[in-house]
Amino acid sequence: MHKAVCPGSFDPVTNGHLDIVARAARVFDEVVVAVLVNEAKRGLFSVDERVGMLAEAVSDFDNVEVATFEGLLVDFCRDRHAVAVVKGLRSGGDFDYEVQMAQMNERLSGVQTVFIPASPALSFVASSLVKEVARFGGDVSGLVPSYVLEPLRRRLSEQP
């Protein structure tokens, strides 16, 4: 059985994230969507909120689960018996950063990284960009799951 981990902050989950997860679910027997818990970084949504949104997003997949992790990703992969990390790539800039991380992860534990290029229609979607556009009233429907829209608007309206 081949298990992969799709890590990220998912703040919020976007349709770009879900496209990568869906494609990974077709390649691997099991996929764990791993939400990073980083107490030093304050997200727009709490970790529990992000996990809830992701759980709803992947509920139609029999081979995908959502979990959280702290510390090194390679330790999480080892604990979960994952053979690969799956990362989506939007651009060459993503590649430059992710290759460095992939090489470090392989050095630390032997876990391999599989890169999946973003679908062209979603290659510009990033959580940070979605938040910025939504903050100024822009339409982000179609970029995030429908059940993320209202919590996103509400949360952004609560910020100074």
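The values are calculated or read from the model by the stated rules, or taken from the named source; none is laboratory data. What you are looking at is a predicted structure, and each value in this text was computed from that prediction instead of being measured. Neighbour counts run over all protein chains shown; Cβ positions are idealised from the backbone, glycine included.
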Of the residues in the stretch 127-160, those that are crowded, with 16+ Cβ neighbours inside 10 Å, touching a residue at least 40 places away in the same chain (Cβ under 8 Å) and aliphatic (A, V, I, L, M) come to 130, 143, 144, 148, 152
Any residue at all in the stretch 36-43 that is crowded, with 18+ Cβ neighbours inside 10 Å, in contact with a strand residue (DSSP E or B) (Cβ under 8 Å, 6 or more places away or on another chain) and within 20 Å of residue 70 (Cβ to Cβ)? yes
Test: residue 88 is in contact with a His (Cβ under 8 Å, 6 or more places away or on another chain) and buried (at least 20 other Cβ atoms within 10 Å of the Cβ): yes
Counting only residues that are farther than 11 Å from residue 12 by Cα and of a type outside the set (Lys, Arg), the stretch 148-158 contains a total of 4
Say whether the condition of being closer than 14 Å to residue 127 by Cβ, at pLDDT below 95, part of a loop (DSSP other than H, G, I, E, B) and within 14 Å of the chain's Cα centre (by Cα) is met by at least one residue in the stretch 41-51. yes
Do we find a residue being assigned to a helix (DSSP H, G or I), at pLDDT 95 or above and of a type in the set (A, V, I, L, M) anywhere in the stretch 8-18? yes
If residue 55 meets every condition in (1) buried (at least 16 other Cβ atoms within 10 Å of the Cβ); (2) under 21 Å from residue 152 (Cα atoms); (3) hydrophobic (A, V, I, L, M, F, W, C) apart from one, which number is that one? (1)
